[in-house]
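Notes to accompany the following structure.
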Amino acid sequence: MFTYVLKRVLYFIPTLFIISLFTFSLSKMAPGDPVELRLQGGMQGQTGNLDTKLAGEKAYFEMSDKLGLDKPTFYITLSSAAIPDTLYRIQKKNDRSTIKRLIRKYGNWDEISEYYHALKDLENATYTIERNLGNAENLRLIRDNANVLYLTHEDPRITRLIARMDTAVKVPVDYVVDSQTVTDNSMIALNDDIERVKAAYVAVKQNATPAKNYIPVLSWYGFDNQYHTWLFGDIPWFGKSKDPTKTSLGFFRGDFGESYLDGRPVKSILYEAIKYTMILNIISVFIAYIISIPMGVETAVQKDTTFDRISTTMLFILYSLPSFWIATLCVVFITTPEYGMDLFPTYGVSSSTLADDAGFWTRFKDSAYHFILPVFCLTYGSFAFISRQMRGGMLSVIRQDYIRTAQAKGLDKAKVVWKHAFRNSLIPIITLFANLFPLMISGSVIIEYIFNIPGMGRVSYEAVVARNYPVLYTVFMFSAILTMVGILVSDIMYAVVDPRISFSKKTG
Amino acid sequence: MSTEIKEQEIQDNEIVLQDREVLNQQDQSYWGIVKRQFKKNRLAVWSLRMVYFIIFIGLFADFIANDKPLYCKYQGESYFPVVKTYLVDLGLDKWPRELAIVSWKEIELESAVWPPIPYSPTEMDKYNVQYVGPFDEQRRIEQSRWRHWMGTDQIGRDVLAGMVHGTRIAMMVGIIAMAISSIIGIFFGAIAGYFGDTRLKVSRIRLVLNIIFIFLAFYYAFGMRSFVLGDAINDSMGSFAGQLGISVLLFLVMGIIPNILTIPLKRIPFLGKQVTIPADIIVSRLIEILVSIPRLLLILAIVAIAKPSIFLVMVIIGVTSWTGIARFLRGELLKVRSLQYIEAAQSLGFQEARIIFRHAIPNSLTSVLIVIAFGIAGAILIEAGLSFLGIGVQADVVTWGKLLNLSRQAPEAWWLAIFPGFAIFVTVTIFNLLGEGLNDALDPRLKQ
């Protein structure tokens, strides 16, 4: 028994590892630059002077460091010989992706790096030139084009943009001040920089070694990576941290990152949400089991009677009724005055009219009133499901010989059913407990959305709509772990009530 | 006395003969028995008819509800606008310039045959906006031919037309998602069930080479082509499917190489030593991992990072719902494997692949149909739930779930709450009933 439980718990670890890996790679595939999402477009307004631009970049890098994005992504990567193993140090996600595309095409990191730096220097140099009426437009053109170039990888477009910048630098502009024509030649100061960009880009194309891309290389980055930090944090588990730059506690110590929307810790968002989901689901599981077990047993015992036929049909219909339809019907028909049946509150978990100093009992009654419909909509599906399973389990037990023996012995019916048959038919119901978990979490998403209950389901729905990935993937990991725990518990319970299970697993 | 006996004998003989005839007429093959058992279940038979009906509506949705006439005469020329739209979409035909973008109801047609529901799901009837009910007075509609039989929504779209086109989406979701999950589920279920933990033996060199080449194949087929694939998915679903096809083909070709390399290398005794792969444990673990992720959340997590597309939703539902089929087939194969005809096939020296695909799987596959029937119901339910939440479906696609969600903004429009939900309920129910019927028909206990 003990070995079996230990084995099951040990199985838990690789499963958790794979799920965390899956979650992590999904979050890495999410579109958009996490830093910019978090800064909410703080990088815009680059037309100012060098200071504002540098301040913007500094803010970007600080946030990037804070989110841990300055680290390599994973323990190992499989990339090509053309891609340097320090590419992760280019922190801007979009820049990095453009550089990767250039490498895929030309395969010469050194030249591409030189081109990239030349471009950066050119952009920075524009801030050293004093702005006047004549060169303002050209300065903007160079900055804008440089910013486009960071994200461009198609050859004709790059050539065209560079040529346009070249003209902007070399051709003097005439402009009129106080009805006098002045020729502005200040842009020529950028000549060296633009020549460097041009030369660098020509070098990229001439010294191309695309074949390097076909050589796969496996590189090892060690434990200081994004995945490891996300799970375990970078603050030491024991003892005090000396390094102030290390701030993450990691998933397993309850640090789930911060929401993109308002910077709130995901932990506190979830802490508020989870209690509603827990209340909803615990009540509904409880009610479902309380009603469905006797129901299943009764219908099985009275097989082929009118009662059995009617209730089996009813259960089948209930089982097929989509809960979101029933919930919508409830909301439309019995929560609005439209059809004269304003019986229940439509949305939320408590009335807005409730006084702040209302007593516990008043509050309780108010919440219970709000919970009736959501609990009903969550319950009836699982109720029908469990009843049908219970009936099936009971039927297969009742057919067996030992039941007939008990009846032949003259035991009274209640004793045969509840003492002998019921116990054995209960075993499959225990495993259902684990299956209910994922069903309920999925069910909560729609029910909480319909009734506007601020639980986990609603939070994850809102996270999908707002593309708030830290929240979404934390809920995802969380519910997967909860489900796994549910499966683990039900497996152990299964082994407790049926010793054959652990024995057969041990030997086979 | 003797004549009586004789008559009795003749009668008996006739009865026996009749019985025999009946037996001969009845199909005694496995499918014949299953069919007879299935036909005894009236509900299931009716469900099957309903399924045909729904598939019919789905297939011919454009001919049932459309804002173009089926046939019309315009300026002396005959057109079949609905058929022509298909041809134009396929690039085989072109509209004359004056008809390219035209509202067919507003031009002067000499004669026209309209579809039974003369509205398309996205067409807006500007005279009947703001939720006009089925029994309300409908403006500018004199003949019952043009009535909105199930009312309209806020911007004047016909609900019945939406229902008809929603049927097509629901059918496609059910069929495509289940086709994908059947392929994956049957593959894994067959491996786990047939080989179990002890029977899949490969040589050391084959195992090592295959593992190395899986990484390499992944690198060349997907890693190297990541930008091509990424651009294609932003371009269109069709070009993505094409590029993905190339990648998969590359992957498969790379997968063949190690198995060819194995043939000479196997001769070296050390490399050729056989190792047992616990296929059942590996597949069971995989299933357990997938099962422990709540499906709706898994789909939400994937949909959140992609562009909304109904086909993507179908594929994701398919890829995430194969566990039921795999588990079921595994269980069936574990039973079948110990049967004598498999042993006979093995002792005749047939190859493993042939035994699996020609003998073992066909005999277990019939029962997989049960899981597929329930799976279609589940897939339709999940898609309806997703589009109810407004997640993963493009703005111009009308589905049942979307229509149902419209009723939340307008409680007075009861038709939006009742009809789409009822359609989802009926479809889910008939597939569940079909599953039940198949379950009963294939149950060996009832076969006698």
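Take every Cα-Cα pair in segment B:125-280 and report what % of them are more than 28 Å apart.
55 percent
Please compute how much accessible surface disappears when A pairs with B, both sides summed, using a 1.4 Å probe, and round it to the nearest 100 Å².
So the total buried area for this chain pair works out to about 5000 Å².
Quick one: accessible area per residue over segment A:271-466, 1.4 Å probe, rounded to a whole number of Å²?
Per-residue value: 49 Å².
Using the per-residue mean of other Cβ atoms lying within 10 Å as a proxy for protection, in what order, highest first, do the peptides B:100-106, A:191-197 fall?
The most tightly packed comes first, giving A:191-197, B:100-106.
What residues of segment A:103-134 lie in the reach of a label at A:D184, counting those whose backbone N is under 17 Å from a point 7 Å from the Cα along Cα→Cβ?
Counting only backbone N, you get A:125-134.
Could you point to the residue in A:Q407, A:Y11, A:I430 farthest towards the positive end of chain A's charge dipole, with +1 and -1 charges on the Cβ of Lys/Arg and Asp/Glu respectively?
Comparing the listed Cα positions along the dipole, A:Q407 ranks first.
Using a Cα distance threshold of under 15 Å, what count of lysine pairs results for segment B:67-114 when pairs must be 8 or more residues apart or interchain?
Total qualifying Lys-Lys pairs in segment B:67-114 comes to 5.
Quick check for me: using +1 on Lys/Arg Cβ and -1 on Asp/Glu Cβ, what's the dipole size of segment A:271-466 about its Cα centre, in debye to the nearest 20?
1200 debye
Which of the aspartates and glutamates could a cross-linker bridge to A:K66, judged by Cα under 12 Å and excluding same-chain residues fewer than eight apart?
Those aspartates and glutamates meeting the cut-off are A:D234, A:E258.
Would you mind telling me the share, in percent, of accessible area of segment A:76-220 contributed by carbon and sulfur at probe 1.4 angstrom?
52 percent
For peptide A:9-20, how many partner chain Cβ atoms fall within 10 Å of a residue's Cβ, on average?
The per-residue average across the peptide is 2.
Any chance you could get the radius of gyration and Dmax over the Cα atoms of chain B, in Å?
Gyration radius and largest Cα-Cα distance of chain B: 28.9, 97 Å.
Which sequence of A:K409, A:K28, B:K35 reflects their accessible areas, 1.4 Å probe, from the largest down?
Largest accessible area first, the residues go A:K409, B:K35, A:K28.
How big is the Kirkwood radius of the protein assembly as shown, worked out from every pair of different alpha carbons and given in Å to one decimal?
33.5 Å
Dipole of the protein assembly as shown, Cα-centred, from +1 at each Lys and Arg C-beta and -1 at each Asp and Glu C-beta, to the nearest 20 debye?
3620 debye
Anything over 29 Å Cα to Cα? Flag those among B:K40/B:K402; A:K100/A:K267; A:K92/B:K307; A:K303/A:K409; A:K93/A:K205, in the order listed.
From B:K40/B:K402; A:K100/A:K267; A:K92/B:K307; A:K303/A:K409; A:K93/A:K205, over 29 Å: B:K40/B:K402; A:K100/A:K267.
Work out which residues of segment B:268-312 lose at minimum 40 square angstrom of accessible surface when the other protein chains are put back, relative to the chain isolated, with a 1.4 angstrom probe, and list them by number.
Residues losing area: B:R285, B:E288, B:I289, B:S292, B:I293, B:P294, B:L296, B:L297, B:L300, B:A301, B:A304, B:I305.
Hey, if you drop one equal point scatterer on each alpha-carbon of chain A and run the Debye formula without solvent, what base-10 log of I(q)/I(0) do you get at q = 0.08, 0.09, 0.11, 0.13 Å⁻¹?
Evaluating at q = 0.08, 0.09, 0.11, 0.13 Å⁻¹ gives log10 I(q)/I(0) of -0.76, -0.88, -1.08, -1.26.
Nearest 20 debye, what's the magnitude of the dipole of segment B:67-114 about its Cα centre given +1 on Lys and Arg Cβ and -1 on Asp and Glu Cβ?
With only Lys, Arg, Asp and Glu charged at Cβ, the dipole is about 100 debye.
In what sequence, highest mean first, do A:285-292, A:262-269 appear when ranked by Cβ atoms within 10 angstrom?
Those peptides, ordered most packed to least, come out A:285-292, A:262-269.
Once the other residues with Cβ under 11 Å from the Cβ of B:L416 are scored (Lys, Arg +1; Asp, Glu -1), what is the net sum?
Charge balance in the 11 Å sphere: +1.
Looking at the protein assembly as shown only, what percent of DSSP beta bridges run antiparallel? Nearest 5 please.
About 95 percent, rounded to the nearest 5.
Out of all DSSP beta bridges in chain A, what portion is antiparallel? Express it as a percent rounded to 5.
Expressed as a percentage, antiparallel bridges in chain A total about 100.
On average, how many beta carbons from a partner chain sit within 10 Å of the beta carbon of a residue in A:71-79?
1
So for each of A:170-183, B:275-288 I average, over its residues, the number of other beta carbons within 10 Å; can you give me the resulting order with the highest mean first?
Packing order, densest peptide first, comes out as B:275-288, A:170-183.
Run the numbers for A:A466 and A:Y150: contour at 0.36 nm per residue of separation, minus the present Cα-Cα distance, in nm.
Result for the pair: 111.0 nm of gain on full extension.
I need the per residue convex hull volume for segment A:76-220, using only the alpha carbons, in cubic angstrom as a whole number.
It is 97 Å³ per residue.
Where does segment B:243-348 land on Rg/Rh, using Cα atoms and the Kirkwood Rh?
For segment B:243-348, the value is 1.09.
Write down the accessible area per residue of segment A:76-220 in Å², having rolled a 1.4 Å probe over the full set of protein chains.
I get 51 Å² per residue for segment A:76-220.
Taking all pairs of distinct Cα atoms, average 1/r, flip it, and tell me the Kirkwood hydrodynamic radius of segment A:271-466 in Å to one decimal place.
After inverting the mean inverse Cα-Cα distance, the result is 18.8 Å.
Express the Stokes-Einstein translational diffusion coefficient of segment A:38-158 in µm² s⁻¹, to the nearest whole number, given a Kirkwood radius over alpha-carbon pairs, 20 °C and a viscosity of 1.002 mPa s.
134 µm²/s
As a test of the formula, what do you get for chain A when each DSSP H run with n ≥ 4 contributes -39,500 (n - 2.57) and the sum is divided by the residue count, at 222 nm and rounded to the nearest 500 deg cm²/dmol?
-21500 deg cm²/dmol
Calculate the radius of gyration of the Cα atoms of segment B:67-114 to one decimal place, then report Dmax, the largest Cα-Cα distance, as a whole number, both in Å.
Gyration radius and largest Cα-Cα distance of segment B:67-114: 10.1, 28 Å.
When we measure straight from the Cα of B:K201, which lysines land under 20 angstrom away, once same-chain ones fewer than 8 places off are left out?
Hits, sequence-local ones excluded: B:K266, B:K273.
With unit charges on the beta carbons (Lys and Arg positive, Asp and Glu negative) and the dipole taken about the Cα centre of the protein assembly as shown, which residue among B:N128, B:F419, A:I283 sits farthest to the positive side?
Most positive-ward Cα: A:I283.
For peptide A:317-330, how many partner chain Cβ atoms fall within 10 Å of a residue's Cβ, on average?
6
The values are calculated or read from the model by the stated rules, or taken from the named source; none is laboratory data. Please read these numbers as outputs of a predicted model, since none were measured by experiment. Glycine also receives a Cβ, built like all others from the backbone with ideal geometry; neighbour counts cover every protein chain displayed. Keep in mind that these areas ignore ligands, DNA and RNA; they rest on the heavy atoms of the full protein, side chains included. Shrake-Rupley method; radii C 1.70, N 1.55, O 1.52, S 1.80 Å.
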